[in-house]
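Quick note: the coordinates plus some simple rules give every number you see, no bench work behind them. Since this is a predicted model, take the numbers as computed values, not measurements. Note that each Cβ is placed from the backbone with ideal geometry, even for glycine, and that neighbours are counted across all protein chains shown.
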Amino acid sequence: MRSIFEKRILLTIVGFTLLALVIALAVIYPTYRYIKQLDLDTYNLRLTLERKNEQATNYRFALKQIEKIKNDMPSFSDHLFSSGNELSLITTLEFLANSHGVSPKILSSNLDNIVDQKILISLSITGDYNNAISYLNDLEHLPYFINPTHLSITPLIDRLNPAVANNVNMNIDLSLYVIP
């Protein structure tokens, strides 16, 4: 058997072990959980702050862009078609066609009834291929924002007259933004 002294030492060791275990469970483990929760909260806070910083940066960039657009705005009006100048537009299109030796024909348009501040024009241009392409190039360089929505070029074949072998028919659908 063990002596009383050995039993006391063993009970003291078991007591200290139990005391250490109670301290670990009562103090250290909750502190560990608290630290882990703080770490998670800190991470979420960092993500939130990064997101808000990015939004603030985007906001500042947007404000700079708005100021730039406000400064550039007067020059845009020179490139927008004004309502009431429809005859001028038709005259310009015909003048371009005559200067390039092609014959224009307006197939359809909404010049008399403008909807959604857009003019839609369908043109048919007939003539030499090179002249038709030159007409298209000059049409692109008009001072208006012209948006071609459809373009087709088909050759005109006349077997009786080979001199017109290079003639084409070009159909163009255009849209222009109109300011009132």
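Within segment 121-164, the set of residues being within 16 Å of Val178 (Cα to Cα), among the aliphatic types (A, V, I, L, M) and surrounded by fewer than 17 Cβ atoms within 10 Å (Cβ to Cβ) comprises just one member, Leu142. Pairs meeting the criteria (first residue in segment 110-131 and closer than 20 Å to Ile157 by Cα, second residue charged (D, E, K, R) and surrounded by 16 or more Cβ atoms within 10 Å (Cβ to Cβ), beta carbons under 6 Å, at least 6 apart or on different chains) are lacking.
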